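Q: Okay, here's the structure, questions in a sec.
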Amino acid sequence: GPVNTFHDSHGGSIRTVFYPDDASGNGHALALSYDVSQPESFSGYLTTLGSLDLREYQALTFWVKSSEPGHDLLIGLKDYSGTEKKVPLRSYLPQMISETWEQVIIPLTAFSPVLDRSSIENLSFSFVRGTHSQGIILIDDIEFHENITSVQVDNFEQANNQNLLGRKHWTFTRGAAAIRG
């Protein structure tokens, strides 16, 4: 399907280039050159999926790297009803983006339960003002997988009371007990 870029009216920008000599495998890699240095700015890239049915799939994988370590981005899926869910890359890549190619594996349950996985409209990679306000990120070999051999449930790095699958976690007690966590 068609691909597109998007940005806000506050000064966010993005430019795409296909790098022929720096791919994770053979062929080209997508380079996203972004600038979100202005307050409230954002930018991104999306690829349409043509009402793709992902009900039988379990994971999204891709390869990523940057010329400068420490970048982060949001990965989003949007269904045809207009519902969109974005997850931060830092939740699935322990050291954030580095200068060498690393494979990212995101279980599709991280985008649930809000998405209708029977009709996915697009996949997006977006940037918001944060640790890096500008840079270049390379992405390659984006795939959906039917089977995954393991899923990381939590790394306890999020402060939003959700695990890596997008579900809540909490502590509880019953009776004359106490817990601290």
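The values are calculated or read from the model by the stated rules, or taken from the named source; none is laboratory data. In this text the structure is predicted, and so the values were computed from the model without any measurement. FYI the Cβ positions are ideal-geometry reconstructions off the backbone, even for glycines, and counts take in every protein chain you see. Accessible surface areas use protein heavy atoms only, side chains included; no ligands, DNA or RNA. Shrake-Rupley method; radii C 1.70, N 1.55, O 1.52, S 1.80 Å.
Q: Need one value: the accessible area of H7 in square angstrom, 1.4 angstrom probe, rounded to the nearest 10.
A: Accessible area, nearest 10 Å²: 110 Å².
Q: Continuing with the same structure: Counting only protein heavy atoms and using a 1.4 Å probe, what share of the accessible area of the stretch 1-128 belongs to carbon plus sulfur, as a whole percent?
A: Roughly 49 percent, rounded to a whole number.
Q: With each label point set 7 Å from Cα along the Cα-Cβ vector, what nm distance links S51 and T149?
A: For S51 paired with T149, the spin-label model returns 3.7 nm.
Q: Follow-up question, since we're still on this one. Measure off 7 Å from each Cα along the Cα-to-Cβ vector at V3 and S67, then give the distance between these two points in nanometres to one decimal.
A: 1.8 nm
Q: Can you list residues from other chains, or at least 5 along the same chain, whose modelled amide H is less than 5 Å from the amide H of H132?
A: For H132, whose amide H was placed from the backbone, the distant partners under 5 Å are D72.
Q: Now a separate question. Set the Förster distance to 45 Å, then compute FRET efficiency between A176 and E84 from the Cβ-Cβ distance, nearest 0.05.
A: Computed FRET efficiency for A176 and E84 comes out at 0.50.
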